[in-house]
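Data block below; observations after.
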There are 4 protein chains.
Amino acid sequence: MLITMNDSATEKEIKRVTKLIEEMGGNVHHISDGQEVSMGITGNESTLQAAEISQMPGVKNVNNIGKPYKLGSREMKAKNTIVKVGNVEIGGKALVMIAGSCAVETVEGTNEGGRLLKMLGANLLRGGAFKPRTSPYSFQGLGKRGLEILADARELIGMPVVSEAMDTDNFDLVEEYVDLIQIGARNMQNYSLLKRAGKSSKPILLKRGISATINEFLLAAEYIMAGGNYNVILCERGIRTFNDYTRYTLDISSVPELKLLSHLPVLVDPSHASGRRDMIIPLSKAAIAAGADGIMVEVHPFPDKALSDGYQSITFEHFTELMKELRTIAKAVGRSL
Amino acid sequence: MLITMNDSATEKEIKRVTKLIEEMGGNVHHISDGQEVSMGITGNESTLQAAEISQMPGVKNVNNIGKPYKLGSREMKAKNTIVKVGNVEIGGKALVMIAGSCAVETVEGTNEGGRLLKMLGANLLRGGAFKPRTSPYSFQGLGKRGLEILADARELIGMPVVSEAMDTDNFDLVEEYVDLIQIGARNMQNYSLLKRAGKSSKPILLKRGISATINEFLLAAEYIMAGGNYNVILCERGIRTFNDYTRYTLDISSVPELKLLSHLPVLVDPSHASGRRDMIIPLSKAAIAAGADGIMVEVHPFPDKALSDGYQSITFEHFTELMKELRTIAKAVGRSL
Amino acid sequence: MLITMNDSATEKEIKRVTKLIEEMGGNVHHISDGQEVSMGITGNESTLQAAEISQMPGVKNVNNIGKPYKLGSREMKAKNTIVKVGNVEIGGKALVMIAGSCAVETVEGTNEGGRLLKMLGANLLRGGAFKPRTSPYSFQGLGKRGLEILADARELIGMPVVSEAMDTDNFDLVEEYVDLIQIGARNMQNYSLLKRAGKSSKPILLKRGISATINEFLLAAEYIMAGGNYNVILCERGIRTFNDYTRYTLDISSVPELKLLSHLPVLVDPSHASGRRDMIIPLSKAAIAAGADGIMVEVHPFPDKALSDGYQSITFEHFTELMKELRTIAKAVGRSL
Amino acid sequence: MLITMNDSATEKEIKRVTKLIEEMGGNVHHISDGQEVSMGITGNESTLQAAEISQMPGVKNVNNIGKPYKLGSREMKAKNTIVKVGNVEIGGKALVMIAGSCAVETVEGTNEGGRLLKMLGANLLRGGAFKPRTSPYSFQGLGKRGLEILADARELIGMPVVSEAMDTDNFDLVEEYVDLIQIGARNMQNYSLLKRAGKSSKPILLKRGISATINEFLLAAEYIMAGGNYNVILCERGIRTFNDYTRYTLDISSVPELKLLSHLPVLVDPSHASGRRDMIIPLSKAAIAAGADGIMVEVHPFPDKALSDGYQSITFEHFTELMKELRTIAKAVGRSL
């Protein structure tokens, strides 16, 4: 439910409406376009009485939101949401590049790589400390040590960092060290983790599950927002289909669809979507042309020696070329990079 | 790696081999057919030196296991594993029926339903206390109260109970109250949860993710076994395909395939696979004919009033009919029910 | 539209109704349960005026058929259709086994194989003369010579034969030589071929396309029936999914679903569905348990030397075992074999 | 097999090599980059003796082609193929726009629509005369009359036309009237039709089947090329996945992949891929950014009154906007429009 207040509504009127909503068992979310005072209401819809609310002083109108996701929907908020991560804005006119190795490996590699990536135009540094691996016998990441390396790199380089939280246990740690917390594709419907993310003060990068529908994806984001954390960034990273020439199938249509249905920023990860470095440039260009707000890409100085996902990582030279090509596309679609 | 000892190997020799393995950084798992003394070794394969191990006194032979999953593979153990849940054996000649409502709702409903199901031939009572729901605004289960109701029903009826643990936080609670702990499809690659399950003394019912390959499914089971919990039951519950007439697509071939590759018991859940009650009987019959060790099915006295998944629940009358038809099939495939 | 006539309706009344329908631009199909005189009407629904028709003398009632497929639907005909191929009935109480090599190869192989299969319990002999091959450089079948070999085998052995027609050009030839004409999965939506099949006096075995929905499958059958050929047998042969351990994924749920929606017989082809000979027995058992009317299977004396699809063919020994196991399942589901 | 001749090779030497190949049972295809004299050889590889061929006078070298498709592969020909349709070049620097209504409906609509589309920048006019429809009771197209209307429009407007041939029967007719013959997605593995197309002197637009792998798609093109018709244009039009918000899922990665593996031109059809007019512009932009050689789109003056596929057609206003946006992207990727 979306409640819009009159321009002339007083603080007192807003508080009274808030109190009524809470008495009805609803939760009030202040998700504003910056133009009007409006409140998103979530909770059991059967106990929220629109008629009564609409008669309160100061209330301009009360609208039901038809979609199953409420706070993330365009109906709740028409304007694009811009999520701030450190000094970087995601979802605005400027495109965003998140780059780095799949897993944090060494201090030197992270620092030097990060410095170079920043110089080449990357905005955020990525690096996995806790790695979700299909096999229990594969390298599982450096854990806390990885986060420390990443956080040190941020201080040294002056570039916000992003890393994945895999469960409610290590969430606190990741939250402490990084600027943007990633929830991976395998955890997109790990509702306990989503609820924990909803209590965080840090922005969340939510990756689409490999077989999630758009509806399920937006409902996963809704879990986070319903908890009070409205800084959610969506990331398409490929779906599982019968295709056998790429690791997953980049669902390019999801970009305009998510933009249509939601006000949240949308990124694309061509590295995981394709699993092939020779696909990174064309898929990134397609993503920006289709309306994505940025790219998340794996870069490694020596891809073939990477501890995980080397076959899909690109080199710094390749990243330089990617930036060059994306700048041209960005301009063509009225964005900057 | 699988180490088989000579029949005449002494305790001391076994201990010495164990010590060597641990010095090499490996973990020793005693997964035995009951015929020979054998040890499954997991860990970093590059540090485990087969040549050295095979020369230890008492060692008969050392075999590498070619599959990425080790402890769950047929190569590790040729004989079927039988998992005991209370007084019920899963994976033996007798088929197993797990039945009950999707979510635990009331004391009376649970007790009366359970009693009736037991009388009709069910072996385990299922009921969700913590419910993974696509929307944050849907009924999320009764939580601890649901577990209490379920545990009380067990005492009253004398029937083991199964319920889902959704995260590492509520795992302890579920572990305390139930006899068999379910890990749901959405959590099949929640590795933190799998690792926690590996430390449990209770058996685990692991459901296949809706887009998991057979390899990924067996590797998820391997996470649990690598932690030392070898009582894992696999459950096929449908995969996501383009089909639009059932909610998911029951992958019937997975039953013989899992039986071929692994010694673990395999159940089939036709309720979630199809999402349609008129499919339960034919799909259950197909599952047993294909070699499944049992069926997990949703039964509700008034399916249309169920708090979740009512459209796929069957009535007690329908369950009676299901039991009758399955008994005939069971006999035809040399099983009992 | 389904028109049911009174028991006492005269030939003259039936003719008058027929004439009216044709004047309205409709086509009359006599698809009867043997109990009542009824007529299925197809054509542009907007020009068929139910009210006017229902007032004609002799008309008991007029019902619209809600499904997009009409003649193949259960609404049109409640009783199962039994298709006769030579002296074999498909769709009745007795199950049907269609067996033989993927491609017709030699006179001796076909005759000896056919004789043996008949002895072991097969009802129809299959063999491809025109082979649809993914590559233009693969063996394309013996063509007319293959059909002659097959037809000679029929005379010698006394067993009806089935072979595939790949296009409207070779349909005449196939129709001349065989008893049951197969339309393959790749051609399920080759509408010109379906229309040609609708003009044939021979029964048609229609295989489901690898990504066809149930609705599309029944509409493909409808193309044949709308042309006047009501002897259509449906065959599930696996759909394409992300699964990588079988060639396709047997959609076992399609069997009860097709039986529910349509009165046409339903067979299952485990050879193409799985592409693996070790899957044939469990999948065949599952198919019969789920309600299929029979099995279509590839058998070859020396599978590894077969000119096509050898890896999925079973030997005669294996077929003997299959028959034995299926007889037990058949009995359990009230069928004979 | 690819045979490259010396620059100094004489006509006589080429003829001698050709004769030898034919004696060995091979077929010679003159697929040249325009730089060297080279010959693509197809046929049974076991009878083609490379050693003997390489010793013939004038032969520079003989290479085996590792891919299952030969003539369509980059190994056969490194340079992009440009297919000429009337005065339009497909596959060159200039992008190509194929536009028009799904089905040819009226003379006026076709002429006026075509004139307008040409003015707005379209290069080819599309229109279906023979329509493959899922239901036998849907509008099946105007047939020959539709082709006449289309051919008249070409004369009037001076714009090449494209229409679909559905079977070997109506292929002759379509071939007579149009400039570019389409083979639809449902017929991608209709091998009889592909072979007929291989004998045509007109270029072929081959659409990818909704569940075809890239390998199967290129092998379908190979059927046409093996017959001697090298003017094949590939068209990605969406694959079938679990996605439910677009009709099919545009497989954007197929564009760079096809470009990598083959020298044939690649178009994208966003209308069928998405089934939604609000997706046409972003998907077209993505396609061009990913490297496609052009777009095939459905345009209809009154989409809601279209006899087929109206929901996915765009208006002329919408097409004007599409052209404007694509021109900017085209420039950004070094193409013209």
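Key figures
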| read-out | value |
| --- | --- |
| Stretch gain in nm, segment B:LYS19-B:THR4, where the contour uses 0.36 nm per residue and the Cα spacing is subtracted | 3.8 nm |
| Separation in nanometres of the label points that stand 7 Å from Cα toward Cβ, at A:ASN64 and D:THR47 | 7.4 |
| Region D:1-94: relative contact order in percent, alpha carbon pairs under 8 Å with at least 6 residues between | 32 |
| C-alpha long axis of helix D:168-177 to longest principal axis of chain D, angle in ° | 80 |
| Shielding of A:192-198 by partner chains, average beta-carbon count, 10 Å | 4 |
| Cβ neighbours within 10 Å from other chains - mean over B:136-147 | 3 |
| With Cα atoms, 0 to 90° folded angle of helix D:11-23 axis to chain D main axis | 80 |
| Cβ-Cβ FRET estimate between A:ASN27 and C:ALA94, R0 fixed at 41 Å, reported to 0.05 | 0.05 |
| Percentage relative contact order, chain C, counting C-alpha pairs under 8 Å, at least six apart | 15 |
| FRET efficiency for B:GLU108 and D:SER138, using Cβ-Cβ distance with R0 set to 51 Å, rounded to 0.05 | 0.40 |
| Within chain B, percent of DSSP bridges classed antiparallel, to nearest 5 | 35 |
| Charge context of D:SER101, other residues only, Cβ under 9 angstrom, K/R +1, D/E -1 | -2 |
| Helix-only mean residue ellipticity at 222 nm for chain B, each DSSP H run of n ≥ 4 adding -39500 (n - 2.57), per residue, nearest 500 | -10500 deg cm²/dmol |
| Antiparallel DSSP beta bridges within the protein assembly as shown, percent to nearest 5 | 35 |
| GluC sites (Glu not before Pro) restricted to region C:33-129 and DSSP loop, no more than 12 other C-beta within 10 Å | C:GLU36 |
| Whole-percent pair-distance distribution, where bins are 10 Å wide, for the alpha carbons of region B:11-61 | 26, 60, 14 |
| At 1.002 mPa s and 20 °C, Stokes D of region B:114-268 from Kirkwood alpha-carbon radius, µm² per second | 132 |
| Of all chain D residues, the one whose C-beta is nearest the axis that brings D onto B, in angstrom | D:PHE242, 3 |
| Neighbour net charge for C:LEU326 - beta-carbon separation under 10 angstrom, K R +1, D E -1 | +3 |
| For B:123-132, mean number of other protein chain Cβ atoms within 10 Å | 1 |
| Only Lys, Arg (+1) and Asp, Glu (-1) charged, at Cβ; the protein assembly as shown dipole about Cα centre in debye | 0 |
| Kirkwood hydrodynamic radius (C-alpha pairs) into Stokes-Einstein, chain C, 37 °C and 0.692 mPa s, D in µm²/s | 159 |
| Cα centroid separation - region B:1-51 against region C:230-284, whole Å | 44 |
| Linear extension gain, C:ASP244 paired with C:GLU148, 0.36 nm per residue minus alpha-carbon span | 30.8 nm |
| For chain A, the longest site-free run once trypsin sites (Lys or Arg not before Pro) in DSSP loop states with at most 14 other Cβ atoms within 10 Å are removed | A:200-337 |
| Environment charge at A:PRO160 (Cβ cut-off 12 Å; Lys +1, Arg +1, Asp -1, Glu -1) | +2 |
| Interchain or long-range residues, amide H under 5 Å from B:ILE31's placed H | B:GLY40 |
| Enclosed volume per residue, in Å³, of the convex hull spanned by Cα atoms of region A:227-337 | 129 |
| Degrees separating the helix A:107-120 axis from the principal Cα axis of chain A, which is the longest one | 70 |
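Rule-based calculations on the coordinates, nothing more; no lab input. Source: prediction; values computed, not measured. Neighbour counts are summed over all protein chains in view; Cβ atoms, including those assigned to glycine, are modelled from backbone coordinates with ideal geometry.
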